[in-house]
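Accompanying notes for the structure given below.
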Amino acid sequence: KSSRDITGSTDRITLTPSQLTEIMEKAVESRLYNKLDFMASFFREGTVSQLMAKSKVKIVWFHDWFPLKDPTYALAVDTANKRVIVVFRGAITKQDWSKAFDFKLRDVKNPVKEDFPGRTERVGIYSGFYQYLFRRRQDTGTTKYDEIASLAHQYGMERIGADYTLQVCGHSLGAGLSTVFSFHASCEDRFVSHGPIKVFTFGSPYCGGHSFADAWRHQEMSRKLQYARFWNHNDIFAHIPDNLLPTSRGSKFRHVGIGVRVKPVPKIFKRWRGWKPRVAYVGAEGSCESYFRGLGNFALFHTTWPWKMSRMHTLAELQGRVMEGAEGEDDSAFEYLNKTISELYELLADINFRTARA
């Protein structure tokens, strides 16, 4: 008969599954979530399960009412750190996949009002991501972006106060939606008046072209956006759409934010520095540099065996690599790996957001 152990400073208590279930149900009913803190000891240090068990963040909204037509997302409130968290799910339904593979660049109105070098009235954004968030309802005329932004602000004001900040994250399709949502949210004072929007994505495809990247960089320089984009080196989905067609600016698509590339963990020679996660930021660049960067990121150069493609795109694979990268020898040679996202952006500000890597 299976059981679980609760290990305290002096005592150990063994629970049956039914007893554990009863404790969990009572904790949820009473809203006294600290009664579940002991569950963190069930999981390996640093795992997502352990972090969730230890977390004081509360999920306040979960939207999956129309999963065949709408994106699925959740909202959480972290009162200790005064932040509202928006989480977008990856592709599951047929509608999700149709948006994920709608590769066109859609020419849309630039939401950034301030003037900056190279500003254009319209920017190119990945069509599927944009349509999923900004398709207007026939009955109310509102968009999914309007709904999510209103709820995030409502819960921020009710549970935290006017000084809340916003954090957005997602995987795969959810990563693309996180990027487009955060870009537009950064143009609203209610979301950036007390700090930048912090964005964390995993396995994100390209989300826009050069005009989009220029506007995004301006928001970073204005301290309205901070973005860390994690991806597996041999995850083909993080290198799409095809970026071989040259334009007057170089490659057609541009990644934005700080990229954290995670290579496969070697079975031997783990001390070799090449396999450690690599941190890079791409600033303004010329057309030739842009094109050759896009060529180097061609999906077929970063693929794996067909039977491994799906696994390379999973969060489990990415988390395993990141955890391995955090272990081992002294990381003094990897200065950027030991910085918070805010510290990294301070470094970028010092060099005027030029290209940097480590």
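The values are calculated or read from the model by the stated rules, or taken from the named source; none is laboratory data. Predicted model only: the values in this text are computed from it and were never measured. Cβ atoms come from the backbone with ideal geometry, glycine included; neighbour counts cover every protein chain shown. The protein model used for the area step is the full one, side chains on, heavy atoms only, and it has no ligands, DNA or RNA in it. Shrake-Rupley method; radii C 1.70, N 1.55, O 1.52, S 1.80 Å.
Brief remarks follow.
- Candidate set: segment 48-91, residues that are in a strand (DSSP E or B) and basic (K, R); chosen: the one most open to solvent (accessible area, probe 1.4 Å): K58
- Residues that are part of a loop (DSSP other than H, G, I, E, B), open to solvent by 60 Å² or more (accessible area, probe 1.4 Å) and either closer than 24 Å to L166 by Cα or not aromatic (F, W, Y) (or both), drawn from segment 97-110: K104
- Taken together, E121, E147, E114 contain a single residue that is of a type in the set (D, E), touching a strand residue (DSSP E or B) at 6+ places or on another chain (Cβ under 9 Å) and farther than 19 Å from K99 by Cβ, which is E121.
- Candidates K35, K94, K113, filtered to the one that is touching a helix residue (DSSP H, G or I) at 6+ places or on another chain (Cβ under 9 Å) and open to solvent by 80 Å² or more (accessible area, probe 1.4 Å): K35
- Matching residues, segment 305-326, being surrounded by 14 or more Cβ atoms within 10 Å (Cβ to Cβ) and closer than 14 Å to F230 by Cα: M312, H313, T314, L315, E317, L318, Q319, G320, R321, V322, M323, G325
- Any hit, segment 134-146, residues being at pLDDT 95 or above, in a helix (DSSP H, G or I) and buried (at least 23 other Cβ atoms within 10 Å of the Cβ): no
- Single residue of G170, G156, G174, G128 found to be in contact (Cβ under 8 Å) with a residue 60 or more places away in the chain, under 17 Å from D102 (Cα atoms) and not β-branched (V, I, T): G174
- Flag if I85 is hydrophobic (A, V, I, L, M, F, W, C), touching a strand residue (DSSP E or B) at 6+ places or on another chain (Cβ under 8 Å) and at pLDDT below 85: no
- Criterion (charged (D, E, K, R), in contact with a helix residue (DSSP H, G or I) (Cβ under 8 Å, 6 or more places away or on another chain) and modelled with pLDDT of 90 or more) met by exactly one of E346, E289, E285: E285
- Qualifying positions in segment 153-182 - out of contact with any Gly (no Cβ under 8 Å at 6 or more places or on another chain), among the aromatic types (F, W, Y) and open to solvent by less than 10 Å² (accessible area, probe 1.4 Å): F181
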